[in-house]
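None of the figures in this text is laboratory data; all of them are computed from the coordinates on show. None of the values given here were measured: they were computed from a predicted structure. When we count neighbours, we look across all protein chains shown, and the Cβ atoms used for this are built from the backbone with ideal geometry, even at glycine.
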Amino acid sequence: MTEIEKYAVGLVHEGAAHCAQDDLDEEGTFDSEADWRAACDLGRDMAQAIRVRQESFLAWYRDFPTAGA
């Protein structure tokens, strides 16, 4: 991975992690707090997966139809 790619993947990870941590469900998507917390936990887990598996995430991105468009 290039430094640009590493930095960009880091931005994606940090952004996702912060969103999952700071989310308040302001749109009222969930009726129960338990469901909302489960969704936030899953989002944090997904962000962690991006950080831990940077190469896999980047490979997925490169295979995405609009990558680099």
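Structure values in brief
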read-out: Unique match (being over 13 Å from the mean Cα position of the chain (by Cα) and under 23 Å from Ser56 (Cβ atoms)) among Glu26, Glu33, Glu14, Glu3; value: Glu3
read-out: Residues (loosely packed, with under 13 Cβ neighbours inside 10 Å and of a type in the set (D, E, K, R)) located in segment 15-69; value: Asp22, Glu26, Glu27, Asp31, Glu33, Asp35, Asp41, Asp45, Glu55, Arg62, Asp63
read-out: Residue among Asp35, Asp31, Asp45, Asp23 that alone is in contact with a Cys (Cβ under 7 Å, 6 or more places away or on another chain) and either touching a residue at least 12 places away in the same chain (Cβ under 8 Å) or not β-branched (Val, Ile, Thr) (or both); value: Asp23
read-out: Residue pairs meeting the criteria (Cβ under 9 Å; at least 6 apart or on separate chains; first under 17 Å from Ala17 (Cα atoms) and touching a residue at least 12 places away in the same chain (Cβ under 8 Å), in segment 49-69; second assigned to a loop (DSSP other than H, G, I, E, B) and among the hydroxyl-bearing types (Ser, Thr, Tyr)); value: none
read-out: Residue in segment 54-61 that is out of contact with any helix residue (DSSP H, G or I) (no Cβ under 8 Å at 6 or more places or on another chain), among the charged types (D, E, K, R) and in a loop (DSSP other than H, G, I, E, B) present; value: no
read-out: In segment 36-47, the residues that are more than 8 Å from the chain's Cα centre (by Cα) and not aromatic (Phe, Trp, Tyr); value: Arg37, Ala38, Ala39, Cys40, Asp41, Leu42, Asp45
read-out: Of all residues making up segment 1-14, the number that are surrounded by 13 or more Cβ atoms within 10 Å (Cβ to Cβ) and either among the small types (Gly, Ala, Ser) or outside any helix (DSSP H, G or I) (or both); value: 2
